[in-house]
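Below is one structure; the comments refer to it alone.
Values in this text are rule-based calculations from the coordinates and carry no lab data. The model shown is predicted, which means the values in this text are computed figures rather than measured ones. A quick note on method: Cβ atoms are made from the backbone with ideal geometry, for glycine too, and the neighbour counts reach across all protein chains shown.
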Amino acid sequence: MARRLIYVPIVHSHEDLGSVGERLRTVGEEAMSAEGWEKHRQQIAAFWQRLRVNLAAALENELAEVGWQKLRIYQDGLPSGGEMGRRIVEEVAKRESANYQIVKELLERGALLEKTEDAALLQEEYGLIRQIVAAPGPVQRARAVQAYRRRSPTLLAERDRFIAKRIDDSLKAGELGLLLIGAYHAVRSYLPKDIEVIPLP
């Protein structure tokens with residue numbers, strides 16, 4: 001039986017990012033005004049409302065005959081699976097992250113949560129982002145942005161290769177995977193050819 005993967009490009013909200021997200025909100029308001037930031041947040045909320053509906057329909061169709069226990073979830077930014085991963089999901093869902101609320105609901109229906117990311121690569125990326133949002137002035141922020149831009153392309157590729165290997169190692173024949181991944185990622189290009197990818201716009 002084939003291995004299938006629903007591939008969902010997502011947009012992160014600041015609720016997904018913890019303390020970095022709170023600082024990012026402050027920087028966003030400074031850059032685009034409080035009104036501009038609020039409009040941005042509303043657009044992200046609308047994205048997640050549409051995705052919730054579309055994803056529910058896709059999963060009901062795909063899992064109608066095999067059941068929810070055949071669904072493996074791979075979440076952008078999640079370095080743990082199992083019980084530890086579930087605790088992370090529940091904690092972020094409490095912060096009103098639409099992304100993690102959806103994942104929590106799927107776990108409650110019987111889906112399995114997989115470790116998706118390499119913790120060291122995530123820590124490196126968050127460290128670079130923290131330097132940007134914590135910069136005390138425009139000169140320091142510009143330097144931090146340059147450092148991020150220098151490292152970002154190769155760091156993203158390393159993360160994508162790791163995620164693709166995690167999917168390959170854990171997704172079994174006859175199972176359905178769900179990858180919720182930031183829109184800038186290119187995990188699909190690293191997946192093995194025997195995994196049928198089902199894009200969800």
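Worth pointing out:
- Loop-exposed trypsin sites (Lys or Arg not before Pro) per DSSP, neighbour cap 14 Cβ within 10 angstrom, longest uninterrupted part of the chain: 1-108
- A DSSP coil position with no more than 11 other Cβ atoms inside 10 Å describes the following GluC sites (Glu not before Pro) in the range 95-152: Glu96.
- Close lysine pairs were tallied over the chain: pairs 8 or more places apart or on different chains with Cα atoms under 13 Å apart number 4.
- The range 142-201: chymotrypsin sites (Phe, Trp or Tyr not before Pro) falling in loop per DSSP and having at most 16 other Cβ within 10 Å: Tyr184
- Taking only Cα atoms of the chain, radius of gyration then Dmax in Å: 17.5, 58
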